[in-house]
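Heads up: the structure comes next, in structure tokens.
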Amino acid sequence: MTVKDYLYSVRVSDKLIRTKEHELSKLRLNIAQVSVKQNEPVKTSGVNDPMRIVDRIADLQTEINREIDNLVRLKTEIRSKINALDDYRYIAILTEYYINCQRWEDIAESMEMSVRHTLRLHGEALQAFRKKFDFS
């Protein structure tokens, strides 16, 4: 695993969690829209079966919570390594991009430098990280 892959795993986990949270909100909306009309038999085998939706919501919420716990652990581990770097610019860039999931344009603006210079420093930061923590 490269340094970039290792650090990028935070962004990937964060995106997967947000995707599942979006699915969860759609399921909750779906359950709110499911209504049983009077004098109509309740069907329990359909896609819109309220019990199946409730079960899926519970399972998905448990899965999301577990993934959030793992993400918090991963962020803590990576943040401590990033903070061990010597150059504050490297720390800021790596933290903003990988931990806080910021866009390059936003990082460059907050650091008052061009995107190109930010990306150059990012490359240097990856090299410093690789050397400090013996990544291949």
- line: Counted neighbours (other Cβ, 10 Å), sorted fewest up, put ILE107, ILE78 in the order ILE78, ILE107
message: Which entries of LYS75/LYS131; LYS15/LYS75; LYS15/LYS132; LYS81/LYS131 have Cα-Cα distances beyond 18 Å here?
response: LYS75/LYS131; LYS15/LYS132
message: Cross-link candidates for LYS26: which aspartates and glutamates have Cα within less than 17 Å, leaving aside residues fewer than 8 places away along the same chain?
response: ASP49, ASP55, ASP59, GLU63
Which labelled figure in (1) 30; (2) 51; (3) 39 is percent of Cα pairs over 23 Å apart, once derived from the coordinates: (2)
field: Pairs of alpha carbons in the range 72-136 whose separation is greater than 20 Å (percent)
entry: 23 percent
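Read the figures in this text as sums done on the coordinates, not as results from a lab. The structure displayed is predicted, hence computed values, not measured ones. Cβ sites come from the backbone with ideal geometry, for glycine too, and all protein chains shown count toward neighbours.
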